[in-house]
Each structure stands twice: as C-alpha cells, then as structure tokens.
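The values are calculated or read from the model by the stated rules, or taken from the named source; none is laboratory data. Note that the structure is a prediction, hence the values are computed from the model and not measured. With ideal geometry, Cβ positions are generated from the backbone for all residues, glycine too; neighbour counts draw on all protein chains shown. To get the accessible areas, we keep the full protein, side chains included, count just its heavy atoms, and leave off ligands, DNA and RNA. Shrake-Rupley method; radii C 1.70, N 1.55, O 1.52, S 1.80 Å.
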Amino acid sequence: MEKFLNSHLISEMLDTQTDYWKKKKEKSLITLEEDAPVSEALKLLSSNFILSLPIKEKGRDDYLGFIDMNDILHSIIKLFLEKYPQQDRNKHWEFLLSEDNHNGKDFIDQQISSLINQSKLDNFIPVDENGTLFQLIDEVFSLGIHRVIAVDESATVKGLISQTDILKYILENLKEIGIPEFDKPVRDLGIIDKDIIFTNEKTLTIQTYYIMLEKNAPCIGLTNDKGEFIGNLSITDLRGLAPPSFRTLLYPSVEFWNLHSKKKKCKVSTDTSLRDVLNLLYTNRLHRLWVVDEGKHQKCYGVISLSNIMRYFSRYHDKKAPSFLSKSTSSCATSRLKSSTNKFSPLITYTSPTTNSPSPPALNLDEAGEPAAIIKEVKTQSKVQSTPTITPASQ
C-alpha cells in the first residue's frame, strides 16, 4: 500500500484511461458566480443531483469556496433559531418551510456568497496535482474533508476529487496494491467508530438535522422504540431536495429516510471484510456503513465512514512524503511559513486571509523546516475567505 500510494500522483489518477475517469474528465465542473441567488444554487443542486457547488468570483476564474446542502440547511436552521424563542420552536417548524414564509423568500433571494461554508464543514482546499495520493489521503481526506479542487502550477483547475474517487481508484488497483488486510474482517482493523449519535425514528427530520448540526456530527442513527437500529440520516439524504419538497423535512425521520435511502444497503456485520466494505461503499455511493448485529436485536456496534477508511490507509506510512511544491510557488509558501507563527502545509492552496478569518490548520514541515505536504499558494483578492482550521471530524 505504501509503495502504491507514494508512487502515484494525483495527476496520474485524473488521467487514468478507464471509463470512470474518462467520463469524469469530460464532465464539465458545475459552478456558480458569487452574486447568484440561493434559489439558483438550489435548482442546480437538485437538477444535477449533487451536494456541492464551487463558487467563483464574478467575472473571474478565481474560486471563493464551496456551497453545499450543509450550508443551505445550516442557514435555514440559523434563521429559524434567531426568529423563534426556545419554547415556541416546535410549533413553528412548519411555517419556516412553508411558501407563506416571507423570511424564506428573502433567504432564497440572497446572494450565494453569503452562505459559503456557513456550516464550517466544507472547507475549500485546492491541492497541487503533482502531489502523491498518500499526501492527499493523509493530509486532507483523513481529516474528514470530503472533496478538493486539483490545480496545476498556474492554478488552472484540473478537476474535482472526492473521497469516493480515491475509493474507486483503490478498487481499480487492488491487484497491484495486494495487501492481505483487504480480506480481514473489519472487527480486526480498528476502523469501527463507536462515537455516534442516535435519535428515535419518530423525531421530525428537520429536528434530527438540527441535532446533527448542533453536535457537528456527519450523521445520526435512527432507532425504533425498542432501541433497534433501522437506518440513518446524513446530508447525502438531501441530494435532489428542492424548495417544493422542503416540507418533507417535517416528516418523521424514518419516513424521510424511506423516501431517500431505504433501498440502499447501509448495514454490515463485524465479520464483513474490508474488501466488501469498500465495494459496498462505492457501489451504493455511500459515505458510511453501520456495523450491526444482524441477529434479532439489531444492536449497532458503530459506523465505518469514508473518512475512517482514509485514516486507516494513512497508517501504512511511517515516513514523511517528500515535498512536491513547484519551484514557482515553493519560495512564496516557504517565505510565508518563516514569517508566520502558523505552519502551513503545502498540499493545500490557501487563499489570502481576510481580517476575521481563522488560521489554516497547523500541519507538518519536513526536517529542514520546509513544507512537507502539498499546499499551493495562489494570489487572490483579499475578499476571498481563507481555509478555516481543519480538525478531524467526529465520525
């Protein structure tokens, strides 16, 4: 695994000549300019059945960040919490999502730029296409980041890469990778995360999402009155959701789940092999699988997410990967590193920080004090948001 991930570049993966990568390369990146209304973003997200959109500066090719369903939902709930006091909230959820709500109209008419990373869950992280797959996994995807933009030395966008793309590439190359761990049961691999949240299946869907955002959780398990696991809700269940169907967020969580994800296999046992877990995640386009006792009581042991998988793959590497900053950008990044108390990883392309922007994550330098990862410096205007501090997501 170590040899494979360190010997394959991001650019090589994007140029793979299989149907999956050819179609991905041919598909145009769907974007919006910063002054587009929220309503237009919702239409694009729904009609294309996608969860996120890169937002560009008006009239330029500079990217300002991502907008995704996390941000939309976070903003809707924030509007609700500001308007209604605690004791009145339950009876006002329906009005919030109704067509008679004038605040709702104001919300969808506002510029999309105001919602960029409102949820703090979709950091905008461009990466150098000449980085290794290990660097991408270890320094970004293992931290819970789901997608990145790959750029070349001139900051031209070469493609959008997700955790699922990495999963696909690994599955395509299992024979070359050839590690025995792929056939071991997941109970022996330390990838089952037991730090999870549950709610009753009858809880209103919008309230379940409120709990999820409040707890900064990527998903919530659903249990019946007997405490048995039956399914889960996450942001991926909002795929394709448009304003006319917002009222379905008032359904009990189990009904909303039945509408969107019931047909997908989301449960595995502790005996399931890592190979089967990877195939199930990719085939069903899932971000996680729940590890459940398939017996009478459906006891849930925990969850295996794509981020858990990324963290597991990063453990194979005891040595630091070499820096692969281009000559045209490394001096800029190094200069910034030496003049700041923060450590910037050169995997990621950080934008110019605004006055109130949080600092980027402190990641590793090599033994000589130079950048040891794959961040690229790109000159952008000061109004562009900087990447917030990245902390490992609790899966």
Q: Take residue 213 and decide whether it is open to solvent by less than 60 Å² (accessible area, probe 1.4 Å) and either in contact with a Cys (Cβ under 9 Å, 6 or more places away or on another chain) or not in a helix (DSSP H, G or I) (or both).
A: no
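Taking segment 237-249 only, how many residues are in a helix (DSSP H, G or I), under 24 Å from residue 288 (Cα atoms) and touching a Ser or Thr at 6+ places or on another chain (Cβ under 8 Å)?
Adding up the residues that qualify gives 3.
Please report, ordered by residue number, the strands (runs of 3 or more DSSP E) entirely within segment 98-188 with at least 2 residues that are under 30 Å from residue 268 (Cβ atoms). Can you show your working first?
On the way: elements: 126-128, 147-151, 157-162.
Here the list reads 147-151, 157-162.
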**Q.** Residue count, segment 122-152 (criterion: farther than 13 Å from residue 14 by Cα, charged (D, E, K, R) and open to solvent by 10 Å² or more (accessible area, probe 1.4 Å))
**A.** 3
(Q) Filter segment 277-300 down to the residues that are over 18 Å from residue 162 (Cα atoms), at pLDDT 90 or above and either part of a loop (DSSP other than H, G, I, E, B) or touching a helix residue (DSSP H, G or I) at 6+ places or on another chain (Cβ under 9 Å) (or both) and list them by number. (A) 291
Q: List every residue pair whose Cβ atoms sit under 9 Å apart, with the two residues 6 or more apart in sequence or on different chains, where the first one lies in segment 77-88 and is at pLDDT 75 or above and among the β-branched types (Val, Ile, Thr) and the second, anywhere, is open to solvent by less than 50 Å² (accessible area, probe 1.4 Å) and part of a helix (DSSP H, G or I).
A: 77/96; 77/206; 77/209; 77/213
**Q.** Residue list for segment 169-180, restricted to those being out of contact with any Ser or Thr (no Cβ under 9 Å at 6 or more places or on another chain) and open to solvent by less than 50 Å² (accessible area, probe 1.4 Å)
**A.** 170, 171, 173, 174, 177, 179
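Of the residues 189, 204, which is open to solvent by less than 40 Å² (accessible area, probe 1.4 Å) and either at pLDDT below 95 or not hydrophobic (A, V, I, L, M, F, W, C) (or both)?
That would be 189, the only listed residue that is open to solvent by less than 40 Å² (accessible area, probe 1.4 Å) and either at pLDDT below 95 or not hydrophobic (A, V, I, L, M, F, W, C) (or both).
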